[in-house]
Structures are given as C-alpha cells and as structure tokens.
Amino acid sequence: MAEEKKKRDGFGSKLGIIAAAAGSAIGLGNIYRFPCELGNNGGAAFLLVYLAVVIFLGIPVMLSELVIGRRSQSNSVGAFKKLAPKSAWPVVGYMGVLCGFLIFAFYSTVSGWIVEYIIKAVSNSFDGRDLAADFKTFKDLGWRNVIWQALFIFLTGIVVFKGVKNGIEKCSKILMPLLLVMLVALAIRAMTLDSVKTEAGLAFLFRPDFSKINGEVIIRALGQGFFSLSLGMGVMITYGSYVKKNDNLTSTAFSIVLADTLIAILAGLVIFPALGGIVPKNPDFGFIFNVFPKLFSEMPGGYWLCIFFFVLLAIAALTSTISLLEVLVAYISEELHMKRQWATVVACVGTMIIGSFASLSLMSDTPFAIGGKSVFELMDFVSSNILLPIGGVLIVVFVGWKLGKQKFFEEVTNEGSIKASFKRIVFFIIRYLAPIAITIVLISGFIKKEEDSDNTTQPVPTEQIQSVEDTIQ
Ligand code: PHE
C-alpha cells in the first residue's frame with residue numbers, strides 16, 4: 001500500500017488542476033448543448049436559472065467530489081472502499097466507471113465526426129451543398145465513422161498514457177487557453193457582422209422574460225448543469241485525488257465552475273448573434289454539422305472561421321474525453337493492479353470496440369438498435385439521464401450523511417489551516433438541498449425523455465434547418 005502511494009502521480013500546480021478539470025467540464029456540452037438548451041427554454045430566463053443552479057448546486061456537488069477524491073487519494077471505486085470500508089458504497093464508484101465508459105463510447109463517435117468535418121472544412125467541401133443530406137450520407141458510411149472515432153480515442157490515449165502531470169496537465173495547460181482565445185475571436189467576429197442580428201442575439205441571451213421560468217426550464221437547467229460540469233460519475237473524484245493536500249478545494253471548485261459557465265456564455269455569444277437569436281427546435285448533435293458550416297462559410301473569412309470552429313470543437317471534446325479515459329485508467333490500474341500504460345491500452349481498445357457499435361448504430365439500415373432506439377441513443381440516455389443523476393445524488397448523500405461534517409470541514413479547511421468561510425452553508429446544501437433537487441431532476445428527466453425520445457438523435461428536420469438558414473441569409 002505504502003509503495004503504491006509513493007508512486008501515485010498527481011497534478012503539479014493549482015493552475016494545472018483547474019485547466020484539466022475545466023477541460024473536462026468544457027466540452028460539446030458547452031459549445032453545442034448549452035446554446036441549444038438556452039434557445040429552446042426561454043433564452044435569458046434559462047440563463048438566470050442556469051446561473052442559480054451552477055452556483056447553488058454545481059459548486060457544492062463539485063466540492064463533494066473533490067473532497068472524496070483528495071481525502072481518499074484514490075480512483076472513484078477505491079475512494080469509496082477506503083472511506084467506507086465493508087459497505088455497499090463502492091457501487092457508486094462502479095456506476096461511475098460504467099457511466100464513464102458509456103459516455104466515452106458515444107462522445108467519441110461525435111468527436112470522430114469532428115475529425116471528418118475538419119478535413120471537409122480544410123478541403124472547402126461545404127459550398128452550395130445540402131449539408132443535412134451530406135451528414136446523413138456520412139453517417140451511413142459506418143466504418144469511416146469508426147475509423148475517425150478510433151483515431152480520436154487513440155489521441156486521447158496518447159495523452160492519458162503519458163500520465164497525469166506530463167500528459168493530462170501539460171496538454172490541458174496548452175489547449176485550454178487556446179480554446180479560450182479561439183472562442184473569443186469567433187465571438188468578436190460573430191458580433192461584428194450584422195448589427196441587427198447581433199442586437200437580437202444579445203437581447204435573447206441577456207434580456208430575461210421572467211414569465212418564461214417554469215418547472216421544465218428549471219429541470220432542463222439542472223440537467224444541463226450536471227452534464228456540463230462533468231458531475232456525478234467520478235471525474236472530479238479522480239481528479240480530486242491528484243490534488244495536493246495544501247491546495248484550496250473550495251476555490252478550485254469555484255474556478256472550475258466559473259470557467260465552464262463563462263465558456264458556455266461565450267459560445268452563446270458566437271451562436272446567437274450569428275443566428276439572430278434563433279435556434280432549431282429540439283436540435284441534436286447534427287445541428288453542429290448541418291448548420292454551423294453553412295453559418296460560417298457565408299461570413300467573410302468563412303473558410304478559416306469554419307476550420308477554426310471545428311478545431312475548437314475538437315479541442316473541447318479532447319479535454320473531456322481525456323477525463324473520461326482517466327476515470328477508467330485510474331480504476332483499472334489501481335483496483336485491478338495493472339500497469340498504468342497497459343490500463344490505458346485496455347481501456348482504449350475496449351472503448352473502440354463498444355464505441356464502434358455506437359457509430360454503426362446510426363446508419364440507416366443498422367442492425368444495432370434495440371426497440372427502435374439506436375445503441376448510440378441508448379448509451380446517451382442511460383448515462384446522461386440515469387447514471388449521472390443517480391451518481392450525483394449518491395455522492396452528495398455520501399458526503400452529507402456518511403463522511404460527515406467533521407471530515408468535510410477538515411478537508412475544505414486543509415485541517416484548519418485555511419478559513420473556507422462558506423463551509424457551513426455549503427454543507428447544508430450538500431446534506432439537504434442537493435439530494436432533493438437532483439432527485440427531482442432524475443425523476444422528471446426520466447419522464448420527459450420518455451416523451452420526447454423520438455427527437456433526441458434524429459437529424460434536425462429539414463424545415464428547421466431551412467428556417468435557420470433563412471436567418472443566416
Ligand atoms: N462536461 C462534458 C461536456 O460538457 C461532458 C462530460 C460529462 C465529460 C461527464 C465527462 C463526464 O461536454
């Protein structure tokens with residue numbers, strides 16, 4: 001045990017932790033999902049609710065995961081074994097590993113598409129094309145998707161293979177500032193194109209109509225917050241285990257949440273001014289590939305903007321897949337006692353195999369569908385709508401009721417050496433408010449998904465694309 005501890009890798013600096021954890025949080029969830037949710041759920045009113053969610057729930061849940069990780073100095077399964085020996089709590093960790101595996105499998109499918117679209121952007125293949133039809137044809141190619149997906153998993157593997165400090169931290173410290181600069185540049189470009197559209201876009205984003213706030217909006221904001229902050233499946237437990245004993249966990253949690261939220265708003269500042277405040281109803285991942293190339297290619301300097309945009313998406317996706325893989329690798333290497341490098345190979349090959357079913361399940365004549373739902377949809381549904389929220393509830397219940405106030409305070413104050421002024425209120429939220437709120441999201445998310453599951457991963461209907469395209473003209 002002692003020997004194991006000595007060898008354990010970790011983050012070298014606080015900036016490194018924040019870059020890596022913000023890298024996990026910032027992903028397709030910010031750049032594609034957030035603007036879409038906002039667009040469909042009342043614009044600025046949604047933004048207000050979302051801000052309340054991330055401040056009052058996001059920070060406490062994030063802090064809970066970091067506390068579990070750092071206190072146990074262990075992967076997401078080992079953490080519960082150490083902190084609650086001989087109990088059923090490690091099941092939460094196993095659920096997280098399974099969830100990480102499922103998210104990685106379908107997330108890498110979409111990440112693979114980004115590779116294809118970078119190539120398309122470079123070879124200028126968008127002009128005058130029917131993008132929705134092209135996207136469908138591409139998905140039907142099946143194996144081509146699988147190859148790009150495998151390439152993306154391989155890239156992720158290279159970073160994780162190198163370790164926490166030399167791989168994940170180094171890579172995030174370069175990629176995250178790059179992503180920020182690219183997004184700011186895109187936002188400036190989008191906002192200086194057409195003053196009428198910019199004004200409409202900004203009003204939509206920042207002028208709230210309070211009458212639009214209802215139960216549905218709150219639930220949506222909660223779901224979005226969890227997915228976007230990578231909460232509920234052990235990413236932050238695993239990353240927390242690499243945080244040094246003298247780092248301030250509360251300010252770390254705060255910085256991650258702040259960075260994630262600012263990037264989501266920045267993505268809104270690219271998209272809404274460009275679209276004049278309109279997004280398609282119930283869009284899916286196809287939205288990125290059907291609408292955006294058109295949007296950018298019709299702007300002056302569009303060729304470069306388009307390449308820029310897809311590279312930015314790839315960076316955002318990569319820093320998220322790195323964290324998903326790290327959850328698997330930390331578990332396999334520490335719990336199954338495998339060398340870290342071998343664990344990386346095993347996790348990558350496993351994801352390539354399972355992930356290929358996700359990719360192939362989106363072909364029109366796919367055999368990989370169960371009860372009319374593609375394997376891709378099922379993976380998305382089970383992980384985002386079931387495992388993440390259940391994991392979230394169990395994590396806060398664990399900290400609030402099992403770990404307890406004393407140990408939580410010790411961890412957030414670094415054994416009394418720093419103040420952590422909000423610790424009492426944060427603990428109250430962890431103990432009472434968060435479990436109740438997340439349970440509500442879980443149940444209603446489930447009911448809602450049943451109702452509108454038909455829209456989740458279907459291509460965006462042509463009329464909707466048309467209406468967005470009209471606003472682009
Ligand atoms: N937070 C990531 C995003 O916004 C997705 C993710 C979820 C990554 C859960 C890791 C764990 O895209």
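The values are calculated or read from the model by the stated rules, or taken from the named source; none is laboratory data. A quick note: this is a predicted structure, and the numbers were derived from the prediction, not measured. Cβ: placed from backbone, ideal geometry, glycine included. Neighbour counts: every protein chain shown. To get the accessible areas, we keep the full protein, side chains included, count just its heavy atoms, and leave off ligands, DNA and RNA. Shrake-Rupley method; radii C 1.70, N 1.55, O 1.52, S 1.80 Å.
The table for this structure:
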read-out	value
When each of Lys14/Lys373; Lys81/Lys245; Lys136/Lys197; Lys81/Lys339 is checked by Cα-Cα distance, pairs over 32 Å	Lys14/Lys373
Stokes-Einstein D (µm²/s) once Rh is taken as the Kirkwood radius of the range 2-472 over alpha-carbon pairs, at 37 °C in 0.692 mPa s	147 µm²/s
Excluding exposed DSSP-loop trypsin sites (Lys or Arg not before Pro) (at most 12 other C-beta within 10 Å), longest clean stretch of the chain	87-244
Listed residue (Ser111, Met62, Ala203) projecting farthest to the positive dipole end of the range 2-472, Cβ model	Met62
Of the DSSP H helices in the chain, those whose Cα atoms cover at least 27 Å axially and whose Kyte score averages -0.5 or more	90-122, 170-191, 249-275, 302-335, 340-360
Computed helical MRE - 222 nm, the chain, DSSP H runs ≥ 4 contributing -39500 (n - 2.57), nearest 500	-22500 deg cm²/dmol
Violating pairs (Cα-Cα greater than 22 angstrom) within the set Lys162/Lys244; Lys173/Lys294; Lys82/Lys402; Lys86/Lys162	Lys173/Lys294; Lys86/Lys162
Dipole-positive endmost among Gly128, Asn166, Gly277 within the chain (Cβ charges, Cα centre)	Asn166
Length gained when the stretch Ala203-Gln341 is fully extended (0.36 nm per residue, less Cα-Cα span)	44.7 nm
Point-charge dipole on Cβ atoms (K/R +1, D/E -1) for the range 2-472, about Cα centre, debye to 20	2120 debye
Rounded percent of accessible protein surface that carbon and sulfur make up, the chain, 1.4 Å probe	66 percent
